[in-house]
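Asks: Submitted below is the structure of interest, expressed as structure tokens.
The values are calculated or read from the model by the stated rules, or taken from the named source; none is laboratory data. Everything numeric in this text was worked out from a predicted model, so none of it was measured. A quick note on method: Cβ atoms are made from the backbone with ideal geometry, for glycine too, and the neighbour counts reach across all protein chains shown. Heads up: the accessible areas ignore ligands, DNA and RNA and are worked out on the full protein's heavy atoms, side chains in. Shrake-Rupley method; radii C 1.70, N 1.55, O 1.52, S 1.80 Å.
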Amino acid sequence: MPFLEKIMLFVEPLGLALLMVYAYSFFSRSARSERTVNIVMGGIFGICAIAAMSTPIEIADGVIVDMRNLFVGLAAAYFGLIGGAIALLAAGVTRVMIGGDGMYLGLLALMIAAGMGLIWARWIRIRIKNDMVAYVALGLAISAHLVAGLFLSASVRHVFFGAVAPTLFIADVLGAFLLSTLIGRERAFITERDTLRSAASTDSLTGLMNRDAAVSNYGKVPRVKDPSQGAAMLCIDVDHFKTINDTHGHLRGDKVLVEISARMSACLRPDDIFARMSGDEFVIVLNHLSAEQAHAVASRCQESVATEPVMADGVDIDVSVSVGCTWVPGKPGFNELRFSADEALYRAKEHGRNCLAFEKKQGPLTKPRIRTQVAA
């Protein structure tokens, strides 16, 4: 193989690698889900594989070599089964369209590269602590596609392993190392960004949302047209929490809050909004449900706390909560709902605590038609 062709085997994938990292950076920051990122990046890696096949090196009639296997293997390694399958499909279809005597072996090599990328991601990567070593291991894994050359005819096989395979091997390892390093840095940045965002929207003690996150998530809830469906808010206070802190200490008091949060969380749906507002005050927002369903959830939350004492550092602490719940058809404003639920909470405390005060409002919060139910 001429020296210039060997150089091009390195230069072309490295240039495409830089473009892919920019693409990954853009889509990973703007996409709403990891699945979307995997699909888009699988397509981009597939396009890069196609681009690599547009300028191949032909070592025999219908037998071509290029860097397509690297891109397919990397897609599988970093973007999972979905990303790898999309890149494999794009490269495979293109290779079939090119045709030639080496078509079937080319498809075999693509499948080996994709499979080794998945194996690296699922079983090899987690066993290697050093990133640099892991990236080299990925290149070695992807280069397993070279074994497809064993099925070439004797004369072509001699040329392949004597002049081409060593260069492809180096290009696979170098390309995987470079691209993995760039993607790894981008992922580290994204992880750090997400950690900071989570810290800004999460209560550090309980792991629940904070007030700002609750308001933001409620704002994203779509409105419903069914008049029997609405939104409910539960305002929850831990009964005599100051006494618990004074008697058992603040560390045990913190453990009480964590346990209470866990018990009430078990009563909720995944999309329900649960936030710690401050101290021993919690808020739960239930969306798209009837008044009867809201009352049932509120009852379960209130009863789940008082069912048994909280064990904190070997001490049983009797705990209960007072719950004020308001249900309103449609989607009222967060602050209006909060004000109404706070009023219900006040009535629950007046009733003696460890109970639920439930209000079903028949219309907008400005209307006075309210049915109040207090359940011990």
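Asks: Would you mind stating whether D316 is open to solvent by 40 Å² or more (accessible area, probe 1.4 Å) and in contact with a strand residue (DSSP E or B) (Cβ under 6 Å, 6 or more places away or on another chain)?
Replies: No: the conditions fail for D316.
Asks: Specify which of the listed residues (M97, M111) is out of contact with any strand residue (DSSP E or B) (no Cβ under 8 Å at 6 or more places or on another chain), open to solvent by 50 Å² or more (accessible area, probe 1.4 Å), within 24 Å of V136 (Cβ to Cβ) and not acidic (D, E).
Replies: Of the residues listed, the single one that is out of contact with any strand residue (DSSP E or B) (no Cβ under 8 Å at 6 or more places or on another chain), open to solvent by 50 Å² or more (accessible area, probe 1.4 Å), within 24 Å of V136 (Cβ to Cβ) and not acidic (D, E) is M111.
Asks: Right, here's the next one. Just the residues that are under 11 Å from W327 (Cβ atoms), surrounded by fewer than 21 Cβ atoms within 10 Å (Cβ to Cβ) and of a type in the set (A, V, I, L, M), please, taken from region 272-295.
Replies: Across region 272-295, the qualifying residue is only L289.
Asks: Within 14 Å of A109 (Cβ to Cβ), at pLDDT below 95, open to solvent by less than 30 Å² (accessible area, probe 1.4 Å) and out of contact with any strand residue (DSSP E or B) (no Cβ under 8 Å at 6 or more places or on another chain): is that true of A165 in this structure?
Replies: yes
Asks: If we keep just the residues of region 231-258 that are more than 27 Å from E359 (Cα to Cα) and acidic (D, E), which is surrounded by the fewest Cβ atoms within 10 Å (Cβ to Cβ)?
Replies: That would be D246.
Asks: For region 171-210, enumerate the residues that are in a loop (DSSP other than H, G, I, E, B) and without any contact (Cβ under 8 Å) to a residue 40 or more places away in the chain.
Replies: Across region 171-210, the qualifying residue is only S204.
Asks: So is D212 within 28 Å of the chain's Cα centre (by Cα), open to solvent by 60 Å² or more (accessible area, probe 1.4 Å), of a type outside the set (K, R) and closer than 23 Å to F339 by Cα or not?
Replies: The answer is yes for D212.
Asks: Okay, moving on. Taking S228, is it of a type in the set (S, T, N, Q), without any contact (Cβ under 8 Å) to a residue 12 or more places away in the chain and open to solvent by 30 Å² or more (accessible area, probe 1.4 Å)?
Replies: No.
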